[in-house]
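Engineer: Next up is a structure, given as structure tokens.
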Amino acid sequence: MLTVGLTGSIAVGKSFVCSVLREAGVRVLDADLTARAVVAKGTEGLAEVVRHFGDGILTPGGELDRKALGAIVFADEEKRLLLNSLIHPRVFEAQDAWLREAAAADPGGIAVIDAALMIESGGYKRFNKIIVVWCEPVIQLERLMLRDKLSRQDAEKRIAAQMPQEEKKRFADHLIETSCGFDDTRRQTLELVELLRQQASESDDC
């Protein structure tokens, strides 16, 4: 099994790339969904987050209020790092279980995990290959403002809270640029799928 980490900064088009990978028959795990699961209502993960950040980050129904928590951690680097230290180990554990299941089901296949903070957390080291999705900064800013209905200042603050795109690209085995739209991104992604299948086949033969 070829294990692949897919990452990139906020609002660069990772979700679309993942949708194309799935259409091509590649197994893909969205780390955002895993991160939500480990802090779902009633989990020890959520209880631990509440112990550090207080009941103010809960909705009236007892679920995590992501907007309230985001307002705290995006404004305070120390608190953001604390949150990551609580969430990442649980996410890694869930991802590793998924990878074991994928390898058992398809030993010669490809398994991709999509995670925005894969490089920052050190999680990228667990994978055979790393894909970094990126786009021109001005396009990233426009997409983020439109997607999340943010002011330019708030969008810039969220982008600045992450590792710069140029730095992430240095960790990549493969790059996908999304600046030129859906069709071009789809073409790049499908070409990469073929290359990854060759690499998976070669690793399986070893």
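Engineer: Counting just the residues of the range 135-175 that are among the small types (Gly, Ala, Ser) and not in a helix (DSSP H, G or I), which one comes out farthest from ALA102 (Cα to Cα)? Give the derivation first.
Structural biologist: Of the residues in the range 135-175, the ones among the small types (Gly, Ala, Ser) are 151, 155, 160-161, 172.
Checking the rest, the ones that are also not in a helix (DSSP H, G or I) come to 151, 161, 172.
Numbers: SER151: 41, ALA161: 33, ALA172: 23 Å.
Step by step, filter the range 135-175, then rank; the result is SER151.
Engineer: Inside the range 16-55, can you point out the residues that are closer than 27 Å to PRO137 by Cα, of a type in the set (Gly, Ala, Ser) and modelled with pLDDT of 95 or more?
Structural biologist: If we filter the range 16-55 for residues that are closer than 27 Å to PRO137 by Cα, which is where we start, we get 16-22, 28-33, 35.
Next cut, of a type in the set (Gly, Ala, Ser) only: 19, 31, 35.
The answer is SER19, and nothing else.
Engineer: Shifting gears a bit: Pairs only if they're at least six apart or on different chains, beta carbon under 6 angstrom, first in the range 12-41 and free of Cβ contacts under 8 Å to residues at least 60 places away in the same chain, second part of a loop (DSSP other than H, G, I, E, B) and among the charged types (D, E, K, R); list them, first residue then second.
Structural biologist: Qualifying pairs under 6 Å: LYS41/GLU63.
Engineer: Does VAL91 satisfy being within 17 Å of ALA35 (Cα to Cα), over 15 Å from the mean Cα position of the chain (by Cα) and surrounded by 15 or more Cβ atoms within 10 Å (Cβ to Cβ)?
Structural biologist: Numbers: within 17 Å of ALA35 (Cα to Cα): yes; over 15 Å from the mean Cα position of the chain (by Cα): no; surrounded by 15 or more Cβ atoms within 10 Å (Cβ to Cβ): yes.
Against the criterion (within 17 Å of ALA35 (Cα to Cα), over 15 Å from the mean Cα position of the chain (by Cα) and surrounded by 15 or more Cβ atoms within 10 Å (Cβ to Cβ)), VAL91 does not qualify.
Engineer: Another one. Only one residue in LEU144, LEU192 is aliphatic (A, V, I, L, M), surrounded by 17 or more Cβ atoms within 10 Å (Cβ to Cβ) and within 25 Å of VAL73 (Cα to Cα). Which one? Walk me through it before giving the result.
Structural biologist: Working: LEU192 fails: within 25 Å of VAL73 (Cα to Cα).
Among LEU144, LEU192, only LEU144 is aliphatic (A, V, I, L, M), surrounded by 17 or more Cβ atoms within 10 Å (Cβ to Cβ) and within 25 Å of VAL73 (Cα to Cα).
Engineer: What pairs come up if the first residue lies in the range 87-109 and is without any contact (Cβ under 8 Å) to a residue 60 or more places away in the chain, the second is crowded, with 18+ Cβ neighbours inside 10 Å and not in a helix (DSSP H, G or I), and their beta carbons are under 7 Å apart, counting only those six or more places apart or on different chains?
Structural biologist: ILE87/VAL39
Engineer: Mind listing whichever residues of the range 54-80 are under 20 Å from the mean Cα position of the chain (by Cα) and either loosely packed, with under 12 Cβ neighbours inside 10 Å or polar (S, T, N, Q) (or both)?
Structural biologist: The answer is LYS67, GLU77.
Engineer: Then there is this: Can you pull out the residues in the range 176-186 that are free of Cβ contacts under 8 Å to residues at least 12 places away in the same chain and either in contact with a Ser or Thr (Cβ under 6 Å, 6 or more places away or on another chain) or in a helix (DSSP H, G or I) (or both)?
Structural biologist: Answer for the range 176-186, where residues must be free of Cβ contacts under 8 Å to residues at least 12 places away in the same chain and either in contact with a Ser or Thr (Cβ under 6 Å, 6 or more places away or on another chain) or in a helix (DSSP H, G or I) (or both): ASP183, ASP184.
The values are calculated or read from the model by the stated rules, or taken from the named source; none is laboratory data. Small disclaimer: the values here were computed from a predicted structure and weren't measured. A quick note on method: Cβ atoms are made from the backbone with ideal geometry, for glycine too, and the neighbour counts reach across all protein chains shown.
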